[in-house]
Amino acid sequence: MKTIGKFGSLLCFGAMLGYGATLSGKLMDAACYDTQKSQKSHEDATKVCAPTATTTDFAIRTTTGKVYKVDSSGNSALADDIRKGALKKDHDGDIHATVNGSLKGDVVTVNSVNLDKLKQ
């Protein structure tokens, strides 16, 4: 019976970790960020690596400074949203967004993206 209880607790804990996350911050070109992160501060890298219509790999830098890569399906959706004009840069060249999804390490599986209209 103790083994079943431990197993059940482990399953609940694992489900809690993978359940969901809401990340608010700035979208970035992940490939650019990988090359810039050792040379520039996080804020400078965020500006230099703002996504464009040709960006295929995305990351989000949260308000706490942590950077999460976006999974492949999220990358496709974000690229489409930028090309269609649903996600636009604000007056200083950033795209502020809230990403809802699940975390697995430093990768976020995106369920939805909301443009942070307060920053626009």
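For segment 72-87, which residues satisfy the criterion of being touching a residue at least 24 places away in the same chain (Cβ under 8 Å), more than 16 Å from Thr46 (Cβ to Cβ) and not in a helix (DSSP H, G or I)?
Residue satisfying the conditions is Ala86 alone.
Since Thr54 meets every condition but one in (1) surrounded by 10 or more Cβ atoms within 10 Å (Cβ to Cβ); (2) modelled with pLDDT of 90 or more, which condition does it not meet?
The single condition Thr54 does not satisfy is (1).
Tell me which residues, restricted to segment 73-106, are surrounded by 13 or more Cβ atoms within 10 Å (Cβ to Cβ) and hydroxyl-bearing (Ser, Thr, Tyr).
Result: Ser76, Thr98, Ser102.
Given the criteria farther than 18 Å from Leu87 by Cα, at pLDDT below 70 and out of contact with any Leu (no Cβ under 8 Å at 6 or more places or on another chain), does Gly5 qualify?
Numbers: farther than 18 Å from Leu87 by Cα: yes; at pLDDT below 70: yes; out of contact with any Leu (no Cβ under 8 Å at 6 or more places or on another chain): yes.
Judged against the criteria, Gly5 is a match.
From (1) small (Gly, Ala, Ser); (2) surrounded by fewer than 14 Cβ atoms within 10 Å (Cβ to Cβ); (3) touching a residue at least 24 places away in the same chain (Cβ under 8 Å); (4) within 22 Å of Gly20 (Cβ to Cβ), pick out the condition that doesn't hold for Ser112.
(3)
Of the residues that sit in segment 35-50 and are touching a helix residue (DSSP H, G or I) at 6+ places or on another chain (Cβ under 6 Å) and assigned to a loop (DSSP other than H, G, I, E, B), which one is modelled with the lowest pLDDT? Walk me through it before giving the result.
Kept after step one, since they are touching a helix residue (DSSP H, G or I) at 6+ places or on another chain (Cβ under 6 Å), are these residues of segment 35-50: 36-37, 45, 48-49.
With the extra rule that they be assigned to a loop (DSSP other than H, G, I, E, B), the set shrinks to 37, 49.
Numbers: Lys37: 79, Cys49: 91.
For segment 35-50, the residue satisfying everything is Lys37.
Of all residues being hydroxyl-bearing (Ser, Thr, Tyr) and modelled with pLDDT of 90 or more in segment 99-114, which is farthest from Asn75 (Cα to Cα)? Just the residue, please. Spell out how you get there, then give the answer.
Keep residues of segment 99-114 that are hydroxyl-bearing (Ser, Thr, Tyr), which gives 102, 109, 112.
Right, trim to modelled with pLDDT of 90 or more and you get 102, 109.
Numbers: Ser102: 14, Thr109: 9 Å.
The residue in question is Ser102.
Take Ala97 and tell me if it is of a type in the set (A, V, I, L, M), closer than 19 Å to Gly20 by Cα and either outside any strand (DSSP E or B) or in contact (Cβ under 8 Å) with a residue 12 or more places away in the chain (or both). Before the answer, list the steps.
Working: of a type in the set (A, V, I, L, M): yes; closer than 19 Å to Gly20 by Cα: yes; either outside any strand (DSSP E or B) or in contact (Cβ under 8 Å) with a residue 12 or more places away in the chain (or both): yes.
Considered against the rule, which asks whether it is of a type in the set (A, V, I, L, M), closer than 19 Å to Gly20 by Cα and either outside any strand (DSSP E or B) or in contact (Cβ under 8 Å) with a residue 12 or more places away in the chain (or both), Ala97 comes out as yes.
The values are calculated or read from the model by the stated rules, or taken from the named source; none is laboratory data. Source: prediction; values computed, not measured. With ideal geometry, Cβ positions are generated from the backbone for all residues, glycine too; neighbour counts draw on all protein chains shown.
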